[in-house]
1. Rank the residues 7, 13, 113 as a footprinting-exposure proxy: fewest other Cβ atoms within 10 Å of their Cβ go first.
2. Out of all Cα-Cα pairs in the chain, roughly what percent, to the nearest whole number, are more than 19 Å apart?
3. Kindly provide the helix-only [θ] at 222 nm of the chain, computed as the sum of -39,500 (n - 2.57) over DSSP H runs of four or more divided by all residues, to the nearest 500 deg cm²/dmol?
4. Ranked by Cβ crowding within 10 angstrom, fewest neighbours first, how are 40, 31 ordered?
5. Once amide H atoms are built 1.01 Å from N in the peptide plane, which residues 5 or more positions from residue 67, or in another chain, come under 5 Å H to H?
6. For residue 24, list long-range residues whose amide hydrogen, built 1.01 Å from N in the peptide plane, is under 5 Å from its own amide hydrogen.
7. For each of 24, 9, count neighbouring Cβ atoms within 10 Å of the residue's Cβ, then give the residues from fewest to most.
8. Run the quick spin-label model on residue 100 and residue 55: label points 7 Å from Cα toward the beta carbon, then report their separation in nm to one decimal.
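Derivation of every value follows stated rules applied to the coordinates shown; laboratory data play no part. Because the structure is a prediction, the values reported are computed rather than measured. Every residue, glycine among them, receives a Cβ derived from its backbone with ideal geometry; neighbour counts consider all protein chains shown.
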Amino acid sequence: MAQPDIKTEEIAKTEAFMSWKAYEPDEVTYHIEFGKITVHFYQEEWDEFVDFVSEFVNIPIGTTGVLAESESYLVSAEEVEGDIIYSIEMPGATLFFFEDDWKEIIELLKELK
């Protein structure tokens, strides 16, 4: 059985990262491409993530420690051998980023709505 065409719409994009939504037959799904990793969200998860993002996107780059925490997500930064490593913990995955990528991710996340 052939898959129906699924319409997609870009939400935000940087040079290396992208967020988009897909209008599937039964629902709208949301996606963030962190390089080679894509995280998929259903509407309720997306709403929760977007609310969570507002807690840390304006924290200055270079700040370490726990940047934001909720029941489902944790964002933190730690200095390791002179570099700051940022992490996003979410159900099923933990993603790690160096500072240059983190700056670009923050750019992308500020555009989510």
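1. 113, 7, 13
2. 47 percent
3. Only helices count here, giving -6000 deg cm²/dmol.
4. Result, fewest neighbours first: 40, 31.
5. 75, 76, 77
6. 29
7. Lowest count first: 9, 24.
8. Those two pseudo-labels are separated by 3.0 nm.
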